Amino acid sequence: MTWWCSATGQTWTWAWRPYPGVWLFVACLAAGYWALAWRGTGRAPGFGVAGLLLVWVLLDWPIGALGAGYLVSVHAVQFLLLAFVVPPLLYAGVSAERWGWLEERIGRGRALLVITHPVVAGAGFNAIVVTTHLPSVVDGLMARQFGAFAVDFAWLLGGLLFWWPVLAPFPARAGGALAKIGYLFVGSLVHTALGMWLLLSRFPVYGIFELAPPLGGRSAVVDQGIAGGLMELIGGLIIITSIAVVFFQWVRREEAERLVHR
């Protein structure tokens with residue numbers, strides 16, 4: 001039994017494997033989320049529960065094992081969903097009451113003011129994205145359980161950092177919808193470039209996936225191209241959709257204010 005999904009070099013089978021480390025991590029994440037976002041509200045945060053379940057699905061067997069050492073395309077999907085989908089779901093599950101409770105306790109902290117500044121948050125997120133996609137880092141970490149855990153955790157933590165300036169109601173900063181749109185656009189350029197790099201590379205860039213036992217009847221280069229295409233397509237759709245949501249919310253607010261002042 002292994003505690004976390006990692007590259008093993010063994011021939012893939014569809015026989016279920018337990019990963020207690022994944023279960024423990026998700027349980028701890030759920031307990032912390034309940035304490036921060038749900039406790040005292042008297043209701044379950046539906047979006048938050050969906051985010052927690054998605055984390056479990058992405059890290060546990062079979063997706064976690066496939067992404068850790070067999071298919072770079074699955075690895076890319078894990079990155080996209082952990083960094084770009086799970087954090088908005090978790091934030092959406094926090095009620096207005098709990099946001100107020102959190103602001104009273106941590107909203108004025110200097111450390112929070114610094115790390116959630118859009119420049120710092122965007123730069124930190126993209127530094128995580130680049131680092132965790134370097135061939136030397138992927139090949140060095142994914143073969144070890146703690147290394148694979150570190151990559152998965154970094155994606156989730158980076159995603160929470162990236163989405164805070166867009167979705168969290170505090171700390172209050174100058175700048176509105178247009179600033180958020182610009183932040184989302186600029187913040188997505190790095191992962192878009194990484195997707196293009198994977199899509200256009202003529203040789204495998206990751207030894208872990210190149211040397212993995214064949215799976216699915218496609219070569220490592222083809223699977224790598226699929227990974228790059230998914231990063232371009234899914235990542236692009238997520239960012240475009242987010243920009244559209246911010247824009248139309250802004251338009252509705254402007255319309256409402258005009259009606260009030262007539």
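Read-outs: derived from the displayed coordinates by stated rules, not from any lab. Just so you know, these numbers come straight off a predicted model, no measurement behind them. Every residue, glycine as well, gets a Cβ built from its backbone with ideal geometry; the counts of neighbours run over all protein chains shown.
Here the chain is scanned for chymotrypsin sites (Phe, Trp or Tyr not before Pro) in DSSP loops (not H, G, I, E, B) that have at most 16 other Cβ atoms within 10 Å, and the longest stretch holding none of them is 17-262. Label-to-label distance, PHE47 versus LEU215, with points set 7 angstrom from Cα along the beta-carbon direction: 3.3 nm.
Output the DSSP H helices from the chain with an along-axis C-alpha extent of no less than 27 Å and a mean Kyte-Doolittle hydropathy no less than -1.0. TM-like helix candidates: 145-167, 220-260.
Using 0.36 nm per residue and subtracting the Cα-Cα separation, the extra length available between VAL186 and THR13 on full extension is 58.2 nm.
Could you tell me what a quarter of the Cα convex hull surface of the chain works out to, in nm² with one decimal place? Before the final figure, lay out the partial values.
Details: hull surface 61.8 nm².
Spelled out: convex hull of the Cα atoms, projected over all directions, averaged, 15.5 nm².
When only the Cβ of Lys, Arg, Asp and Glu is charged (+1, +1, -1, -1), the dipole of the chain relative to its Cα centre reaches about 560 debye.
If R0 is 41 Å, the Cβ-Cβ spacing of ALA172 and SER201 corresponds to a FRET efficiency of close to 0.40.
Over the chain, what is the relative contact order in percent, taking alpha-carbon pairs closer than 8 angstrom and at least six residues apart?
Averaging sequence separation for qualifying contacts and normalising by length gives 25 percent for the chain.
Net length available on complete extension from VAL120 to LEU237 is 39.7 nm, with 0.36 nm assigned per residue and the Cα-Cα distance removed. The loop-placed trypsin sites (Lys or Arg not before Pro) in segment 1-110, going by DSSP, that have at most 13 neighbouring Cβ atoms within 10 Å of their Cβ come out as ARG39, ARG43, ARG108.
Extension gain for VAL251 to VAL57 (0.36 nm times residue separation, less C-alpha to C-alpha distance): 66.2 nm.
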